[in-house]
1. Only Cα pairs under 8 Å and at least 6 apart count here; give the relative contact order of the chain as a rounded whole percent.
2. How large is the helix-only mean residue ellipticity at 222 nm for the chain, computed as the sum of -39500 (n - 2.57) over DSSP H runs with n ≥ 4, divided by its residue count, in deg cm²/dmol to the nearest 500?
3. Please report the relative contact order for region 219-360, taking Cα pairs under 8 Å with a sequence separation of at least 6, and give it as a percent rounded to a whole number.
4. Could you line up 333, 9 from fewest to most neighbouring Cβ atoms inside 10 Å?
5. On a 0 to 90° scale, report how tilted helix 3-13 is relative to the longest principal axis of the chain, with both axes built from alpha carbons and the result rounded to the nearest 10.
6. Does the chain come out rounded, prolate or oblate by the C-alpha gyration tensor, with a ≥ b ≥ c the root eigenvalues, rounded set by a/c under 1.5 and, if not, prolate when a/b is larger than b/c and oblate if not?
7. Hey, what angle do you get for helix 252-262 against the long axis of the chain, alpha-carbon based, 0 to 90 degrees rounded to 10?
8. So how do 99, 192 line up by other beta-carbon neighbours within 10 Å, fewest first?
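The numbers here are math on the coordinates, done by the rules we state, and not lab data. Predicted model, so just to flag it, every value in this text is computed and none were measured. Because the Cβ atoms are built from the backbone with ideal geometry, glycine has one as well, and the counts that use them run over all protein chains shown.
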Ligand SMILES: [Zn+2]
């Protein structure tokens, strides 16, 4: 199997176009045309992980954090980033990073955290706008089914847990074929009226080319009339953080000790406990201070995240509890997530989890 096939699969789950503009997700080293011998999944692609990939004969590392993040101006091995990149390139190891694009899908980093705590009714905390488009096309009624099949097959018409969503309305189209045309129906030089169906479907922008090509290939008309428009709708499946509810309310201390067990924490930094039961929980893997006000306005009793600074803890305002569980700790199950989805898709392929503990933070207590 080629590395590009594995990359395409990962992109179908969390497309690189969903990454934040400061990010650098994608294939960082290596070549999509290479044959893949094995995949190793990790939170970080450090030099030790490259070493591990070599020893386990895997030539693809799928990591959450991009080892090349802020750009490289020199590659002479003076720091851990350069060392890792040199080691990977010298040994033909491909590194693929799936970072904020995996943060920005409901089935990604924070969604996995929520599942670990058995949260129910999991929703994106800050759903994004402008991540959907709409296609309208006009098809002779008896050819509508074949065009619908083609655009559904190319990925149009997914809404939540529903596929093949479309709206269809009957109408009448007119056209007059000019000299040189080869019309599907009608005569050259005469206005023709045709019973047509207007088909409407939504789709994510990265599928536009594929869907329009499928529509044109399946459409009987020589000149296909269609409109593609940007939607400003909120997309409930795309965005950062998640919020969900515990099956039963818990006492704050009981809840925090559950978090401590599940995430195998040595310490939780948190704001004052308020003596109120916890049921609604917001979560964001990694640095999540930017979502504090969203978590609060969404009615969370507790917001679990990482990398909170001193002054940012004051933003809890005694209205809810902010709990900082550590960056690595919050995202540690991302390795399992990547491993599980790749294993499920490619069951007969070597997909491994890195055994290297890459957390650079230690606790002395
Ligand atoms: Zn992170």
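1. Computed value for the chain: 19 percent relative contact order.
2. Helix contribution divided over all residues of the chain: -7500 deg cm²/dmol.
3. RCO, region 219-360: 21 percent.
4. 9, 333
5. 90 degrees
6. It is oblate, given that a/c is not under 1.5 and a/b is not larger than b/c.
7. Long axis of 252-262 versus the principal axis of the chain: about 80 degrees.
8. 192, 99
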